[in-house]
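See structure below.
FYI, it's all coordinate maths here, none of it is from the lab. All values derive from a computational prediction rather than experimental measurement. For neighbour counting, all protein chains shown are included, and Cβ atoms are generated from backbone atoms with ideal geometry for every residue, glycine included.
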């Protein structure tokens, strides 16, 4: 009788521990998915902010130093770029934007690694990172932006 009780208690204990492990993993995966969704929204918002800056004045884009990290801040009813990292923090996320110059092939006028600098086109990289389970997750969105108003 005592052996049967011991076996039954062992089975119940193992079942409860397995259920707890599954629920813990489920919460972790759910949190990861939620953060990935939030980061996608922040990436998209960052790209829209760059378009707004371009639409307000091309110098908002062309005046940025290539290769420098900028942070986006909503201030005074409009978006601005900032060099202050604290301005890029949204909840647990850090969002930054960098601009790169673009070259065009002299013959085909296609974007290329060599050729002539095209001051009316920039490569924008929006990066969102956040801590997750002891590591830092980073998502990136790259796109070209063109001075469509000149």
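What to note about this one:
- Once the C-beta distance of residue 118 and residue 82 is scaled by a Förster radius of 22 Å, the resulting FRET efficiency is 0.25 to the nearest 0.05.
- In degrees, nearest ten, helix 2-56 long axis to first principal axis of the chain (Cα): 10
- Our summary gives the chain a relative contact order of 18 percent, counting only alpha carbon pairs under 8 angstrom and 6 or more residues apart.
- 16 Å cut-off, amide nitrogen to a point 7 angstrom out along residue 48 Cα→Cβ, residues in segment 90-110: none
- As a calculated quantity, the FRET efficiency between residue 10 and residue 90 at R0 = 41 Å, using C-beta atoms, amounts to about 0.25.
- Stretched out straight at 0.36 nm per residue, the stretch from residue 140 to residue 20 would grow longer than its current Cα-Cα span by 39.7 nm.
- Among 62, 26, 39: highest mean-square fluctuation, GNM of the chain, C-alpha pairs under 10 Å: 26
- Each label was represented as a point 7 Å from its Cα along the Cα-to-Cβ direction; for residue 3 and residue 149 these points are 8.6 nm apart.
- Gyration tensor over alpha-carbon atoms, segment 2-146, equivalent ellipsoid semi-axes in Å: 49, 18, 11
- Using the Cβ-Cβ distance between residue 40 and residue 106 with R0 = 30 Å, the FRET efficiency computed as 1/(1 + (r/R0)^6) comes to roughly 0.20.
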